[in-house]
Amino acid sequence: MKTIVGFFVLSLAQLVSWALLAANNHQIVVQDAIGRNIQAPSPAQRIVTVSFAAHEVIRLLGANDRLVGTTSYVQGHAGDLFPEVQKLPNVGHAFRPNLEDLAKLRPDLVIAWVANPGPEMERALNPLGIAVLRLNFSRSDTFKRELTVLTEILGAQAVEAAEKYNKWAGLLEEQLLAKVRKYSVRPTVMIEQLTEATIAGRQSGAAVLAKMLMANNLGEQFPGQFSIVANEWILRQNPQIFIKMFAWRNREDDRKLEVMRRRQLDQVLQRPSWDNIEAIRNKRVHILDADYCGGPRYIVGLYQMAGWLYPNLVLPGRWQEIEEEYFKLFQNF
């Protein structure tokens, strides 16, 4: 006998088995990043994450052994960062996973981005007793709440790991911001996202870091994640500091990373008619890895950006020391 669920076919025995598994787990209600109340197992034992960012947080919380599935993106583009997931089954593209393959892994929890995949994921998996939790881990001001949600689901071991991280990052954050508050002059900065002429709006992770550092962020006037602007608008704003974001998932050697940063920097410096922008004239153009704008590495990005905004505030290389400490303490590198 076959029972059709969504668009794929499953046996009645499978449905009964999964339903019994879900019923035997202790359930709690948590609120995800879009404000939904989600009934989830606690502690979750079998996790599939289609979110790149969630992989790093799960490892921070000491729950890597509960992962039963990943995506082709993590295996193909972030193998250096997540070597332990290379042998896990992958469910395809992060935004368009194969839901039938995912269900066959019998997870009790799936972690996804807020917007992708679409609601078809819940329609297919919820009837099987599989909870879908949507978390972004993309902004420092929401990271602690999202970390708490996942910690509640993972249980006691995760609570201890989260407390250790929060204490470490919280102390570094307060030490830095106490120094920033003593400055009376606020620098003017413009932050460009991955695509040219796409300015980070106030809801972006990079803009949140700039606000924490009390900078005059020219993108703050844009209410969303980003806004596409004309080149003439950028020239009129004449930022003192220009920050270009890029995405570099692997922890490659320093030489390869520097080549990537240099390429991004040259692309900015060579733009027509930008010679008179103050940031260009004074060589205050900087390249920021998008992964340092939110999630557990936000504290590294905060120190890096602080060094650009207030050159006398942070010792050169301090952000790199914090980065190495983070990977050693919380990512087992």
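What the table below lists for this structure:
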read-out: Count of residues meeting criterion [buried (at least 22 other Cβ atoms within 10 Å of the Cβ) and in contact with a Gly (Cβ under 8 Å, 6 or more places away or on another chain)] in the stretch 57-90; value: 3
read-out: Residues that are hydrophobic (A, V, I, L, M, F, W, C) and touching a helix residue (DSSP H, G or I) at 6+ places or on another chain (Cβ under 6 Å), drawn from the stretch 228-242; value: 241, 242
read-out: Strands (runs of 3 or more DSSP E) within the stretch 1-100 that include 2 or more residues at pLDDT 90 or above; value: 27-31, 37-41, 47-49, 67-69
read-out: Residue count for the stretch 172-198, restricted to those that are at pLDDT 95 or above and of a type in the set (S, T, N, Q); value: 4
read-out: Close pairs (6 angstrom Cβ cut-off, 6 or more residues apart or separate chains): more than 15 Å from residue 92 (Cβ to Cβ) in the stretch 107-128, among the aromatic types (Phe, Trp, Tyr) anywhere; value: 128/18
read-out: Any hit, the stretch 83-90, residues being more than 15 Å from residue 47 (Cα to Cα), assigned by TED's automatic domain parsing to the domain that holds residue 59 and in contact (Cβ under 8 Å) with a residue 60 or more places away in the chain; value: no
read-out: Odd one out for residue 160 among (1) assigned by TED's automatic domain parsing to the domain that holds residue 37; (2) over 24 Å from residue 203 (Cβ atoms); (3) of a type in the set (D, E, K, R); value: (1)
read-out: Test result for residue 179, outside the structural domain of residue 281 (by TED's automatic domain parsing), assigned to a helix (DSSP H, G or I), among the basic types (Lys, Arg) and closer than 25 Å to residue 315 by Cα; value: yes
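Listed here are the residues, each with its yes/no results for (1) out of contact with any Pro (no Cβ under 6 Å at 6 or more places or on another chain); (2) free of Cβ contacts under 8 Å to residues at least 40 places away in the same chain; (3) assigned to a loop (DSSP other than H, G, I, E, B); (4) of a type in the set (Gly, Ala, Ser).
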| site | (1), (2), (3), (4) |
| --- | --- |
| 138 | yes, no, yes, yes |
| 145 | yes, yes, no, no |
| 148 | yes, yes, no, no |
| 151 | yes, no, no, no |
| 163 | yes, yes, no, no |
| 170 | yes, yes, no, yes |
| 174 | yes, yes, no, no |
| 194 | yes, no, yes, no |
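The values are calculated or read from the model by the stated rules, or taken from the named source; none is laboratory data. Owing to the predicted nature of the structure, the values given are computational and were not obtained by experimental measurement. No Cβ is skipped: glycine too gets one built from the backbone with ideal geometry, and neighbour counts run over all protein chains shown.
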